[in-house]
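Enquirer: Have a look at the structure that comes next, please.
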Amino acid sequence: MLTAVAWLTLTQQVAAIAPVIPESKLLALVPATESEAIPVGPGEVIHFQEVRPLPGQLDDIPVFNSNSPELVQREGILLSTFPPNGMANEEAHLDFPFEGRFDFFAHHIARGLHYDDRRTLFIGAVVYNPNSEPVTLDILQGVSYLSQEAPFHNLPTLVANPNGGIFAGPGSRTVTDILQGRHQPQWSEQVRIPPNQAYLLMNAPVSSWASRCLPDWVSGV
């Protein structure tokens with residue numbers, strides 16, 4: 001059983017860009033009946049996009065997902081599953097202990113308070129063992145990228161990427177590495193946490209006007 005907390009200082013925004021399908025092709029698929037006409041107000045431009053169901057299904061693995069707020073400009077706790085008792089802001093802690101396999105994901109944007117604010121902030125993650133026995137934390141995969149390490153590129157709708165060298169942004173590169181089984185050497189493979197002790201799992205710099213995306217796939221026993 002473990003609890004976790006993440007905090008940050010700065011990160012950059014990532015937006016997924018969907019391909020624009022010509023309106024003429026989409027309209028050709030829609031019956032042109034008067035009852036289905038969409039009223040258009042002055043100055044409105046309507047673009048139709050296709051929505052497809054994803055294959056597969058969801059699993060029951062809990063995910064520590066730190067992404068809101070995505071843009072961070074000050075220090076503070078981003079997400080906490082610690083118990084609220086005795087905390088300065090009890091409502092900020094979810095009181096959700098992790099047991100067995102769980103995933104860790106954080107994606108934030110760093111931006112200064114003004115144009116000349118070039119502080120380097122750090123995103124950190126702490127795991128805590130509230131038990132009376134030691135806990136072993138196995139890090140199955142660990143990957144993290146700054147936006148400078150994974151710049152955005154305009155890519156075609158479909159492109160082969162067998163070696164993982166094609167990406168558009170830190171989120172894209174990070175997930176590609178995870179799917180292809182990569183594990184960066186700066187991440188420990190196993191951590192032993194004593195009873196009633198905390199462990200700093202991550203402390204990574206995020207310079208101003210940059211973003212960092214870092215998923216960990218971890219298992220606590």
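Enquirer: Might you let me know whether the stretch 39-52 holds any residue that is in a loop (DSSP other than H, G, I, E, B), at positive phi and at pLDDT 85 or above? Working first, answer last.
Expert: Our first condition is that a residue be in a loop (DSSP other than H, G, I, E, B); within the stretch 39-52, this holds for 39-52.
Now narrow it down to the ones that are at positive phi: 43.
After this cut, where a residue has to be at pLDDT 85 or above as well, the list is none.
No, the stretch 39-52 contains no residue that is in a loop (DSSP other than H, G, I, E, B), at positive phi and at pLDDT 85 or above.
Enquirer: Is it the case, given these coordinates, that residue 116 is surrounded by fewer than 12 Cβ atoms within 10 Å (Cβ to Cβ) and among the charged types (D, E, K, R)?
Expert: Yes; evaluated as a whole, the condition is true for this residue.
Enquirer: Say we look at the stretch 121-167 and pick out the residues that are among the β-branched types (Val, Ile, Thr) and surrounded by 13 or more Cβ atoms within 10 Å (Cβ to Cβ); which of these is farthest from the chain's Cα centre (by Cα)?
Expert: Top of the filtered list is 135.
Enquirer: What is the residue count in the stretch 100-113 for residues that are at pLDDT 90 or above and surrounded by fewer than 21 Cβ atoms within 10 Å (Cβ to Cβ)?
Expert: Of the residues in the stretch 100-113, 5 are at pLDDT 90 or above and surrounded by fewer than 21 Cβ atoms within 10 Å (Cβ to Cβ).
Enquirer: So which residues in the stretch 168-200 are β-branched (Val, Ile, Thr) and either surrounded by fewer than 19 Cβ atoms within 10 Å (Cβ to Cβ) or free of Cβ contacts under 8 Å to residues at least 40 places away in the same chain (or both)?
Expert: Initially, the stretch 168-200 is screened for residues β-branched (Val, Ile, Thr), giving 174-176, 178, 191, 193.
Within the stretch 168-200, 175, 176, 178, 191 qualify.
Enquirer: While we're on this one: Given the conditions (1) modelled with pLDDT under 90; (2) over 26 Å from residue 192 (Cα atoms), report the number of the one that residue 166 does not fulfil.
Expert: (1)
Enquirer: State which residue is nearest to residue 98 (Cα to Cα) when the search covers only the stretch 56-76 and only residues that are buried (at least 18 other Cβ atoms within 10 Å of the Cβ) and among the hydrophobic types (A, V, I, L, M, F, W, C).
Expert: 64
Enquirer: Please report, ordered by residue number, the strands (runs of 3 or more DSSP E) entirely within the stretch 56-165 with at least 2 residues that are small (Gly, Ala, Ser).
Expert: 100-110, 120-129
Enquirer: Moving on to the next point. Filter the stretch 63-99 for residues that are small (Gly, Ala, Ser) and within 17 Å of the chain's Cα centre (by Cα); which is nearest to residue 135 (Cα to Cα)? Full working, then the answer.
Expert: Initially, the stretch 63-99 is screened for residues small (Gly, Ala, Ser), giving 66, 68, 76, 80, 86, 88, 92.
Next cut, within 17 Å of the chain's Cα centre (by Cα) only: 66, 68, 80.
Details: 66: 23, 68: 29, 80: 19 Å.
In this case the residue turns out to be 80.
Enquirer: Name the pairs: first residue in the stretch 51-68 and under 19 Å from residue 127 (Cβ atoms), second residue in a strand (DSSP E or B) and basic (Lys, Arg), Cβ to Cβ under 7 Å, at least 6 apart or on different chains?
Expert: These pairs meet every condition: 61/101.
The values are calculated or read from the model by the stated rules, or taken from the named source; none is laboratory data. What you see is a predicted model; the values in this text were computed from it and never measured. When we count neighbours, we look across all protein chains shown, and the Cβ atoms used for this are built from the backbone with ideal geometry, even at glycine.
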